[in-house]
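Peer 1: Below you will find the structure I want to go over with you.
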Amino acid sequence: SEIYKMTLRLNEQAEALGRDKRYLKDSLADLSHQLRTPLTSMQLIASRLNRPELSQEEKFSLVLELKKLLSQTEWLVSALLKLSQLESGTVPFQHRRVSLVDLMETALSPLQVQMELKGLNLRQELPPAAGFQGDLLWSAQALGNVLKNCVEHTPEGGSITVTGTENPLYTQLTIQDTGPGIPPEELPHVFDRFYRGGARTRHGFGIGLSLAKLILERQNGTIRAGNADTGGALFELRFYKGAV
């Protein structure tokens, strides 16, 4: 009986090690695949900068494109590292009262310049007393990724509306944009890692919403994507006060 139990434990450990090995292999393959495109583009730009016939204006344009690619690559590596930390369970989340007003202010900070350049109008309806128990910085990362997605898919002069509510069961944030919305066939895959539908291939790496979903789940929360009745994408973020 003891030998049988030990055999079962060894088999379980071997299966767990096999899963970890496959996960590491898949993660490295994903990282390599996602980095290949921007690195190739940067190599091409660097080679073009050496051409003597280029004007100063053309060189300046190439340098700006190079900086943009470097920024995108840095964001991708940072996001992948955060995903790895979350999935391995090594992230210590704080459990403090977070107000929706503070959360929104923190999440918006990196996006303000991009929103101003596109002339987007932001509407906020956040009760001053509404909030939840969680980690401000990680929650701001999740909300920021959702807002970033809305900013990228909202045309110039459009608007993004953020509404907050709180009840005895959960605190909810609803984000709606005036973009083209999400095609129905893409909705089941919106939060899949590295998924980019036909209408979204021009933006990002398909990892921001996946990271947002994982952050919320680690804090007893959920996220749902859909389309508003009036048009545009609609995201609902919920932080539950008890077990989901």
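The values are calculated or read from the model by the stated rules, or taken from the named source; none is laboratory data. Given the structure is predicted, the values throughout are model-derived calculations rather than measurements. Virtual Cβ from ideal backbone geometry, glycine too; neighbours counted across all protein chains shown. Surface areas here come from the heavy atoms of the whole protein model, side chains and all, with no ligands, DNA or RNA. Shrake-Rupley method; radii C 1.70, N 1.55, O 1.52, S 1.80 Å.
Peer 1: To make sure I understand the rule: partners must be aspartates and glutamates, Cα under 18 Å from the Cα of Lys82, and not fewer than 8 residues away in the same chain. Which ones qualify?
Peer 2: Partners within reach: Asp20, Asp26, Asp30, Glu74, Asp135, Asp192, Glu217.
Peer 1: Ignoring ligands, DNA and RNA, what percent of the 1.4 Å accessible area of region 32-118 is carbon and sulfur?
Peer 2: 55 percent
Peer 1: Can you tell me the accessible area per residue over the chain, all protein chains present, probe 1.4 angstrom, in square angstrom?
Peer 2: 60 Å²
Peer 1: What net charge is computed for the residues neighbouring Gln176, neighbours being all others with C-beta under 13 Å from the C-beta of Gln176, Lys and Arg scored +1, Asp and Glu -1?
Peer 2: -2
Peer 1: How much net charge surrounds Thr222 when only other residues with a Cβ under 11 Å from its Cβ are counted (Lys, Arg +1; Asp, Glu -1)?
Peer 2: Once all neighbours under 11 Å are counted, the net charge is +1.
Peer 1: What's the percent breakdown of Cα-Cα distances in region 204-244 across 5 Å bins, shortest bin first?
Peer 2: 6, 21, 24, 21, 16, 9, 3
Peer 1: Here's a follow-up. Just reorder Thr154, Thr90 by solvent-accessible area, largest first, 1.4 Å probe, all chains present.
Peer 2: The residues order as Thr90, Thr154, largest area first.
Peer 1: Which of (i) 18.1; (ii) 12.6; (iii) 19.5 is the computed mean projected area of the Cα convex hull in nm² for the structure on display?
Peer 2: Here mean projected area of the Cα convex hull in nm² agrees with entry (i).
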